[in-house]
Amino acid sequence: MNTTASVFGAVHLGYIVIETSRFTDWRRFGTDAIGMHHDDLSRDLMRFRLDDQDCRFLIRRGPAEDVVATGWHVDDHASFEQIEARIRAHGVPCVEGSADEAALRGVERLLRFPGPKGITQEIYTTPVKSGEPLRMLASGFVTGDSGMGHIALTSTKPARLRGYFHTVFDARLTDYIDETISGFKLRIRFLRVNERHHSIAIAAVRGLPIDPIRTRVQHLNVQVSTLDDLARSYERVCELGFDMALSVGQHTNDKELSFYARTPSGFEWEVGWNPLVVDESTWEPSTHQGISIWGHTPVGRTIVDKLDQFRFGARSLARPENTVPALSGAGIPDD
């Protein structure tokens, strides 16, 4: 339990760091399919922009083929220091980012610390704004006070992950979804740190301590400005030959229209439009049956894909999941 004042509402998903060796494919995926602005920094570094912030996705060369860090924009220095104090009070090490590391991410005052599933968590205060006009196929992306989208994780210890984000960011439970996907019965928890319906989703297989996903994240989400942006991005993903994971559909809980493409690194990328915004004065958590009101039909999945997923799940039994126990505590009972 946090004894200090809440930082809820002062935290926003700000950037994602992805490690990959597939630079050419990622450049095509980000610019030509999703429609983001692209900047080459060197042979081993590139960035994508969604708005006037210098960096929303930092792509660096490496073997992970995965998300390796998430960056959270904190509104003010007082909230930043409050989060840092919480982490240090629990005995978890914090490392100040160097000036070069902060510049790569387009931020000032960078601090990093361990996060669940080996994803480094980073907080920063002032984002650096670019004076260069956006060159992108999308007309725009929704960022601002609600942050730039969300991340979705799978976990064998979902209450611990929820406890972690509550301890660090005062994350609140928005709602649950119960769903069966590829034979797995899932319960998905949706957590918010501001007005966005969720900045973090945590999916767990009910009754089995397995994680069927190879990557640290199951998917990332960005929100486009218009329905036309959504339709055109869907069309470009298909025309360019990138794999589509789920067709266009509408979610039961946040009512967002979206589709899911498969990135060159293997995790999924959701492009969404028009999710509802939470009204804190009236919102009560509830449980929804199924992720979609309509659509979100699996595309091109074969029995081989399903067998691979079961293999990953079986291997996870021998692979302990890091939940950063000092910050997740005993978790939060929520079932």
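For this structure, a couple of remarks:
- Asp66 long-range amide H proximity, modeled H, under 5 Å: Glu19
- When you count the other C-beta atoms within 10 angstrom of each residue and take the mean per peptide, 83-91, 271-279 line up highest first as 271-279, 83-91.
- Our coupling estimate for segment 31-47, obtained by passing each phi through the Karplus curve with A = 6.51, B = -1.76, C = 1.60 and θ = phi - 60°, is 8, 7, 9, 6, x, 8, 6, 10, 10, 7, 9, 6, 4, 10, 9, 8, 9 Hz, Gly and Pro reported as x.
- When peptides 158-168, 238-248 are sorted by average Cβ neighbour count within 10 Å, with the highest value leading, the order is 158-168, 238-248.
- Whole-number D in µm² s⁻¹ for segment 182-232, Kirkwood Cα-pair radius fed into Stokes-Einstein, 37 °C, 0.692 mPa s: 244
- Segment 144-325: Rg to Rh, with Rh as the Kirkwood radius over Cα pairs: 0.95
- Label positions at Glu280 and Glu108, each projected 7 Å from the Cα along the C-beta direction, are separated by 2.5 nm.
- Estimated purely from DSSP H runs of n ≥ 4, each contributing -39500 (n - 2.57), the mean residue ellipticity at 222 nm for the chain is -6000 deg cm²/dmol once divided by its residues.
- The calculated FRET efficiency for the pair Leu45 and Asp75, based on their C-beta separation and a Förster distance of 35 Å, comes to about 0.80.
- Ordering of 98-108, 28-38, 171-181 by burial proxy (mean other Cβ atoms within 10 Å per residue, highest first): 28-38, 171-181, 98-108
- For segment 11-124, the extents of the C-alpha atoms along the principal axes are 44, 29, 23 Å, listed from largest to smallest.
- Sequence-separation-based contact order of segment 137-276, relative, with Cα cut under 8 Å and 6+ spacing, percent: 25
- Glu235 versus Ser21: modelled label distance in nm, points set 7 Å from Cα along the beta carbon direction: 3.7
- Simple label model, 7 Å out from Cα along Cβ direction - Ser139 to Arg88, nm: 4.8
- Spatially close lysines, pair count over the chain: Cα under 26 Å, gap of eight or more or interchain: 7
- Sequence-distant residues sharing a close amide H with His219 (under 5 Å, placed H): Ala152, Glu268
- Using all pairs of distinct alpha-carbon atoms, the Kirkwood hydrodynamic radius of the chain works out to 20.1 angstrom.
- Placing unit charges on the Cβ atoms of the charged side chains and taking the dipole of the chain about its Cα centre, the candidate lying farthest along the positive direction among Thr215, Gly144, Ile188 is Thr215.
- Phi angles of segment 229-238 translate, via the Karplus equation with coefficients 6.51, -1.76, 1.60 and θ = phi - 60°, into HN-Hα couplings of 4, 4, 5, 5, 5, 4, 4, 5, 4, 5 Hz per residue; Gly and Pro are given as x.
Read the figures in this text as sums done on the coordinates, not as results from a lab. This one's a predicted model, so the numbers in the text were calculated from it and none came from an experiment. No Cβ is skipped: glycine too gets one built from the backbone with ideal geometry, and neighbour counts run over all protein chains shown.
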